[in-house]
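K.L.:
Have a look at the structure that comes next, please.
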Amino acid sequence: MPAGSPVIEDAPRRAAVQLDGVTKKFGGSVALHEAWLKIPSGEFMTLLGPSGCGKTTLLNLVAGFLDTDGGEIFIDGTLVTETPAHKREIGIVFQNYALFPHMDVAKNIGYGLRMRGVPKAEIARRVEQALALVKLTGYADRRPRQLSGGQQQRVALARALVIRPKVLLLDEPFSALDKNLRGSMQVELKEIQRELGVTTIFVTHDQGEALSMSDRIAVMSAGRIRQIATPDEIYRRPADRFVASFVGDVNVLKARLGSRQSSEAVATVGGIPVIVPAGPLNDVASGAAIDLFVRPEHIQLAPAGEAGTLRGTVSTHIFQGGHVDVYVEAPALSRDRILVRLPGVDAITRWPVGGQVGLRFGTTDLTAFPVEGDPA
Amino acid sequence: MTRRPFLGWFVSPAGLVALGLAAALAAVFQYSLRAYIPGSLDVGGFTLGNFADLLKPIYGSAFLQTVALCFETAVITLLLGYPLAYALVRTRNKALKSVILIIAVTPLFLGEVVRTYSWMIVLGNNGFINSVLMGLGLIQKPVQFMFTSFGVVVALVHVTLPVMVIMLAAALSHIDRDYEKAAESLGAGPIRAFLTVTLPLSMPGIIAGVTTAFAWTFSAFATPQLIGGGRVNTISTLVYQLGFASFNFPFAATLSVAGLALTLVVLALLKRVMRPLEKLGEH
Ligand SMILES: Nc1ncnc2c1ncn2[C@@H]1O[C@H](COP(=O)(O)OP(=O)(O)OP(=O)(O)O)[C@@H](O)[C@H]1O
Ligand SMILES: [Mg+2]
């Protein structure tokens, strides 16, 4: 692409899916507010957010099941805002799978190919391939009701993929599966997605699922996209309070803003200076109260009174198998108990309940936001 | 076996009704084998002569006409009822839902006789339709609707429509909207999605609706009698004429028995014909 030609550079053709300010209203309420999203070809993009934040609405807009109330949608560089669902070449896996109950597995998977007038022999061959892809060879003659939930899930995936869709959409596909099965299906979906290189939009409200599977995550809340970034960035550099508290566990501590450089600022918590990104604090005056967000694994415990630590009292341990969650009371820092995540079981004996401890914060991966209720 | 302590109580009223029905049927069957004594309400000895009389052309054509009437009514009711039921189940528009319910269900609350009289008013030579058509200058003299099988079918469709819509709506409401969405996402236009997914899945409802409409029209009396005016002969109207105009109870009974047998045969055939269709929607 030639440099210095902004028109071409801004052209949508580089993205497999692009939303330009897409808005959707139901009656008076806005279900999706000016969503801007650009998904490069082959990316695994997750829409993450609490119930009712507009994830399914966004998916339905891309699929063509809903009409937009503003903005444009592009798929593979083509404007599809007015294109009906059946001409968008999209594969969808529904939460309840929606396998056709009156067709066997082979007929279900071959449905999209029959609609495209693919010759019979080729349909048979591609259905067989698709069955192998989802490890269901030999199940062609079963009816959907004769399959387990996980198997139905695979058939639904095969049915969506066999048409070689431009985009694969999945709306909370694993929510009906038990925990173990969900784990193995996550791995399998990710493998298949990588193998085929199919652009994927995956909807979930499970942040663990989002963090483990996605190339990038779009965190949504109340009809708005709050941040679009890699899982690592979402976790370590959340753009706002909502993202910081929705993704992963986090402690909110009382702090004060000190000096500010270009991209970093110094904040003090209990008199100890820490470095935070300056971006979210642009409108905050020096010396004002701010909230410091600290992940539980970014706090270490030390003997009480050690230099550079803040004092607290251990109130509970919770053994989690691979790690121990220690809750520490420190009323000067936070109204809530502070969660500290420590590897190794010896933490339980080392930091007994009721004992005084020193809290030490890591120097990286801290973020701070204006106190709740403040504008900006 | 689980114990079902109330089963006996629940079943006994139905049992009593069945008993009464069986007794009545036995009486009718008995009458059908008796000789007719003209001018008398008494009946003669046992004979098979009545059944031999069934072979007269007038009865054969009445049978055929009845079956044709039932068939036309069932098919037209299905064609009218399906879109109504579909809209009823799928629309989010509350007003539209109410309108459909009113159209579809109110006929149930009017008796068959009242409904039939209203159709006589609508279909008559000076009735609503003819007045409008003549008023618009589209026709010079009234079109004959009354005393034709067309008029009878129109009124019978009105009678069977509520049950058809209710049965189809029940079947359609069990079909998840996601099936259609899945079909569309896989490249089926709305019509193909309907034909390949919704229609086959609603087949059980279609079969139930058509069978019920068929059986119902077969036994309809007031509508063919009043609108047909004696010129549209069905088994029911002939039974009435024989029994209550000629007082030929034995032959009326014979015709009833034959009608019942025919209903069963036709329903069995219908089931046979529909079996491959039923397979389409099998889960
Ligand atoms: N067809 C509809 N009519 C009216 N309001 C709707 C409709 N569909 C969704 N909404 C509203 O739009 C908002 C977003 O809904 P959406 O289904 O997109 O949420 P979601 O993020 O998928 O939630 P969940 O995780 O519970 O599935 C909600 O407030 C919902 O009530
Ligand atoms: Mg949803």
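K.L.:
Looking only at residues that are at pLDDT below 90 and within 16 Å of ligand 2 (Cβ to nearest atom) in region A:145-187, which one is nearest to the chain's Cα centre (by Cα)?
P.N.:
Selected residue: A:175.
K.L.:
Next up: Taking region A:201-247, which residues are within 16 Å of ligand 2 (Cβ to nearest atom) and either in contact with a Lys or Arg (Cβ under 7 Å, 6 or more places away or on another chain) or within 14 Å of chain B (Cβ to nearest Cβ) (or both)?
P.N.:
Residues satisfying the conditions are A:201, A:203, A:219, A:220.
K.L.:
Note down all Cβ pairs under 9 Å where the first residue falls in region B:145-170 and is at positive phi, the second is modelled with pLDDT of 90 or more and of a type in the set (A, V, I, L, M), and they're at least six residues apart or on different chains.
P.N.:
Listed by first residue and then by second, the contacts come to B:147/B:227.
K.L.:
Now for a different question. Would you point out the residue of region A:31-64, among those that are within 12 Å of ligand 1 (Cβ to nearest atom), part of a loop (DSSP other than H, G, I, E, B) and surrounded by fewer than 19 Cβ atoms within 10 Å (Cβ to Cβ), that is farthest from the chain's Cα centre (by Cα)?
P.N.:
The residue in question is A:52.
K.L.:
Spot the failing condition for residue A:217; the list is (1) out of contact with any Asp or Glu (no Cβ under 7 Å at 6 or more places or on another chain); (2) surrounded by fewer than 21 Cβ atoms within 10 Å (Cβ to Cβ), and only one is missed.
P.N.:
Answer for residue A:217: the failing condition is (2).
K.L.:
Which of the residues belonging to region B:15-72 are β-branched (Val, Ile, Thr) and either within 23 Å of the chain's Cα centre (by Cα) or modelled with pLDDT of 90 or more (or both)?
P.N.:
Result: B:17, B:28, B:58, B:66, B:67.
K.L.:
Looking only at region A:1-25, filter to residues that are in contact with a Leu (Cβ under 9 Å, 6 or more places away or on another chain) and at pLDDT below 95; which one of those is farthest from ligand 2 (Cβ to nearest atom)?
P.N.:
A:12
K.L.:
Okay, next question. Given the conditions (1) in a helix (DSSP H, G or I); (2) closer than 30 Å to residue B:226 by Cβ; (3) open to solvent by 60 Å² or more (accessible area, probe 1.4 Å), and given that residue B:125 satisfies all but one, which numbered condition is not satisfied?
P.N.:
That leaves (1) as the condition not met.
K.L.:
If you don't mind, there's one more thing I want to ask. Which residues, taken from region A:111-124, are of a type outside the set (A, V, I, L, M), in a helix (DSSP H, G or I) and at the interface with chain B (Cβ under 10 Å from one of its Cβ atoms)?
P.N.:
Of everything in region A:111-124, those that are of a type outside the set (A, V, I, L, M), in a helix (DSSP H, G or I) and at the interface with chain B (Cβ under 10 Å from one of its Cβ atoms) turn out to be A:111, A:112, A:114.
K.L.:
Go through region A:88-110 and give me each residue that's in a helix (DSSP H, G or I) and surrounded by 22 or more Cβ atoms within 10 Å (Cβ to Cβ).
P.N.:
Residues satisfying the conditions are A:105, A:108, A:109, A:110.
K.L.:
For the structure I just gave you, tell me whether residue A:239 is in contact (Cβ under 8 Å) with a residue 12 or more places away in the chain and open to solvent by less than 20 Å² (accessible area, probe 1.4 Å).
P.N.:
no
Every residue, every condition in (1) within 14 Å of chain A (Cβ to nearest Cβ); (2) assigned to a helix (DSSP H, G or I); (3) of a type in the set (D, E, K, R); (4) open to solvent by 30 Å² or more (accessible area, probe 1.4 Å), yes or no:
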{"residue": "B:139", "(1), (2), (3), (4)": "no, no, no, yes"}
{"residue": "B:158", "(1), (2), (3), (4)": "no, yes, no, yes"}
{"residue": "B:162", "(1), (2), (3), (4)": "no, yes, no, no"}
{"residue": "B:165", "(1), (2), (3), (4)": "no, yes, no, no"}
{"residue": "B:170", "(1), (2), (3), (4)": "no, yes, no, yes"}
{"residue": "B:179", "(1), (2), (3), (4)": "yes, yes, no, yes"}
{"residue": "B:183", "(1), (2), (3), (4)": "yes, yes, no, no"}
{"residue": "B:193", "(1), (2), (3), (4)": "yes, yes, no, no"}
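K.L.:
Does residue A:128 satisfy the criteria of being modelled with pLDDT of 95 or more, away from ligand 2 (no atom under 16 Å from the Cβ) and either more than 18 Å from residue A:101 (Cα to Cα) or surrounded by fewer than 17 Cβ atoms within 10 Å (Cβ to Cβ) (or both)?
P.N.:
Yes; evaluated as a whole, the condition is true for this residue.
K.L.:
When you go through A:181, A:136, A:157, A:169 one by one, which is the residue that is outside any loop (DSSP other than H, G, I, E, B) and away from chain B (no Cβ under 14 Å)?
P.N.:
Every option except A:181 fails the conditions.
K.L.:
Among all residue pairs at least 6 apart or on different chains, which show Cβ distances below 9 Å where the first residue, located in region A:170-185, is in the same structural domain as residue A:44 (by TED's automatic domain parsing) and the second is among the basic types (Lys, Arg) and part of a helix (DSSP H, G or I)?
P.N.:
A:171/A:55; A:172/A:55; A:174/A:182; A:175/A:182; A:185/A:154
K.L.:
Related question: Give me the residue from region A:76-87 that is buried (at least 16 other Cβ atoms within 10 Å of the Cβ) and within 8 Å of another protein chain (Cβ to nearest Cβ) and, out of that set, nearest to residue A:64 (Cα to Cα).
P.N.:
So the residue we want is A:85.
The values are calculated or read from the model by the stated rules, or taken from the named source; none is laboratory data. Since we're looking at a predicted model, the values are computed, not measured. All Cβ positions, even for glycine, are placed from backbone atoms using ideal geometry, and neighbour counts span all protein chains on display. Only protein heavy atoms, including side chains, enter the accessible area calculation; ligands, DNA and RNA are left aside. Shrake-Rupley method; radii C 1.70, N 1.55, O 1.52, S 1.80 Å.
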